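Here the structure is laid out as structure tokens; the discussion comes afterwards.
The values are calculated or read from the model by the stated rules, or taken from the named source; none is laboratory data. These numbers were taken from a predicted model, which means no experiment stands behind them. Note: ideal-geometry Cβ built from the backbone for every residue, glycine included; neighbour counts use all protein chains shown.
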Amino acid sequence: MDWQERMNAALDYIEEHLEENVDWMRAAAGANCSTRHFLRMFEALAGMGPGEYVRRRRLSRAALELSRGGVKVIDLALRLGYETPDAFGRAFKRELGLTPSEARRPGAVLKTWPRFSFSVVLKGDTPMDFKIEHKEAFTVTGLPLATTSAGKKAYTKIPAFWKKCGENKNIERLWRAMPEGSPLGLMGVSADDWDPETGNFTYLIAIESPADRSKLPPGCVDVKAPASAWAIFTARGPLPKAFQEMNDRIWSEWFPDSGYERSSGPNLEIYPEGDSCAADYRCELWIPVKKAKKK
């Protein structure tokens with residue numbers, strides 16, 4: 001069974017349990033991978049977090065039931081796990097654009113989210129440079145940003161955060177606080193606190209933790225990177241486009257055929273000095289990995 005079949009087997013489980021609390025560990029077992037890797041892979045391939053997918057599928061089923069009649073809104077709300085009809089109504093309108101009462105009217109135009117199906121898309125015409133390296137545990141320190149992967153909002157919020165930290169001189173302060181001879185330099189760090197229900201996670205502009213913290217800008221926090229194997233990818237071209245395209249390709253092209261899955265720990269973006277808008281600018285994305293389960 002290849003990765004496509006395994007991901008669709010996990011989708012089968014999710015669809016069969018939409019009206020229950022989906023057990024993500026059991027869904028990941030259907031995909032023959034760790035829960036952590038399955039949730040990240042799902043988001044990368046589906047373009048939305050698994051929690052968002054389940055919510056939309058539940059509300060789509062609710063819309064169809066309401067259009068057929070014979071069901072009370074309060075009964076439907078409780079069955080789908082909402083505490084009150086008002087909470088259900090707000091979620092329904094936010095996702096589908098009309099209220100439950102409006103959905104019951106004859107001729108109402110309903111928007112539903114169909115079931116996903118993962119399929120193979122032939123790519124690979126552009127090579128990917130990567131290497132696997134083992135590193136001992138280390139700690140990074142930096143300025144945090146609360147953001148979300150939902151709707152790829154992080155792809156706009158994070159560049160804006162870098163711009164802001166450049167303008168207020170906080171990036172300059174981080175450079176001055178960097179330990180002498182640090183091989184990692186200035187980094188972007190995606191902490192390992194991603195929430196599958198909301199897509200929320202913490203991002204940092206960071207350096208290796210210095211012994212002397214007096215030069216750090218205020219508000220810095222630490223993130224620990226455990227001892228791990230790291231898949232290190234090289235992106236070429238102007239930022240942020242080159243990095244974002246590489247990140248998307250790693251999940252849709254590299255992971256499915258690599259024999260690896262994501263492990264615990266933060267993702268690191270290594271940004272050397274240079275013109276980050278230049279066509280030949282090179283940066284690296286580090287992802288902690290472990291060997292995938294055998295099929």
Worksheet item: If you check THR156 against the conditions, is it farther than 20 Å from PRO272 by Cα, within 24 Å of the chain's Cα centre (by Cα) and assigned to a strand (DSSP E or B)?
Response: no
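Quick test for you: out of ARG79, ARG94, ARG40, ARG26, pick the one residue that is basic (Lys, Arg), modelled with pLDDT under 90 and farther than 21 Å from GLY151 by Cβ.
On the way: ARG94 fails: farther than 21 Å from GLY151 by Cβ; ARG40 fails: farther than 21 Å from GLY151 by Cβ; ARG26 fails: modelled with pLDDT under 90.
Unique residue meeting the criteria: ARG79.
Restricting to region 23-40, what's the tally of residues that are buried (at least 16 other Cβ atoms within 10 Å of the Cβ) and assigned to a helix (DSSP H, G or I)?
Keep residues of region 23-40 that are buried (at least 16 other Cβ atoms within 10 Å of the Cβ), which gives 24, 27-40.
If we keep only those that are assigned to a helix (DSSP H, G or I) too, we end up with 24, 27-30, 35-40.
Residues flagged as buried (at least 16 other Cβ atoms within 10 Å of the Cβ) and assigned to a helix (DSSP H, G or I) within region 23-40 amount to 11.
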Response to the item:
Only unsatisfied item for PRO144, checking (1) in a loop (DSSP other than H, G, I, E, B); (2) surrounded by 15 or more Cβ atoms within 10 Å (Cβ to Cβ), is (1)
Worksheet, complete the sentence: Restricting attention to region 229-267, the residues that are in contact with a Cys (Cβ under 6 Å, 6 or more places away or on another chain) and more than 10 Å from CYS283 (Cα to Cα) number exactly 1
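Yes/no per residue for (1) closer than 24 Å to ASP129 by Cα; (2) part of a loop (DSSP other than H, G, I, E, B):
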| residue | (1), (2) |
| --- | --- |
| MET187 | yes, no |
| PHE201 | no, no |
| GLY219 | no, yes |
| ASP222 | no, no |
| ALA231 | yes, no |
| GLU245 | yes, no |
Practice prompt. Please enumerate the residues belonging to region 192-213 that are crowded, with 21+ Cβ neighbours inside 10 Å and either acidic (Asp, Glu) or closer than 18 Å to TYR271 by Cα (or both).
Written response: TYR203, LEU204, ILE205, ALA206, ILE207
Response to the item:
Of those in region 55-72 that are surrounded by fewer than 20 Cβ atoms within 10 Å (Cβ to Cβ) and of a type in the set (A, V, I, L, M, F, W, C), the residue nearest to LEU18 (Cα to Cα) is LEU64
Worksheet item: If you take the residues in region 247-263 that are among the small types (Gly, Ala, Ser) and either modelled with pLDDT under 90 or in a helix (DSSP H, G or I) (or both), which one is farthest from LYS291 (Cα to Cα)?
Response: SER252
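Please find, among GLU15, GLU20, GLU5, GLU43, the residue that is surrounded by 21 or more Cβ atoms within 10 Å (Cβ to Cβ) and acidic (Asp, Glu). Step through it out loud before you land on a result.
Details: GLU15 fails: surrounded by 21 or more Cβ atoms within 10 Å (Cβ to Cβ); GLU20 fails: surrounded by 21 or more Cβ atoms within 10 Å (Cβ to Cβ); GLU5 fails: surrounded by 21 or more Cβ atoms within 10 Å (Cβ to Cβ).
GLU43 is the lone residue from the list that is surrounded by 21 or more Cβ atoms within 10 Å (Cβ to Cβ) and acidic (Asp, Glu).
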Discussion item. Looking at LEU59, LEU66, LEU110, can you tell me which residue is of a type in the set (A, V, I, L, M, F, W, C) and part of a loop (DSSP other than H, G, I, E, B)?
Written reply: LEU110
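With the requirement that a residue be among the basic types (Lys, Arg) and modelled with pLDDT of 85 or more, what does region 49-76 give you? Before you say what the answer is, go through the steps one by one.
Quick first cut of region 49-76, residues among the basic types (Lys, Arg) only: 55-58, 61, 68, 72.
Residues satisfying the conditions are ARG55, ARG56, ARG57, ARG58, ARG61, LYS72.
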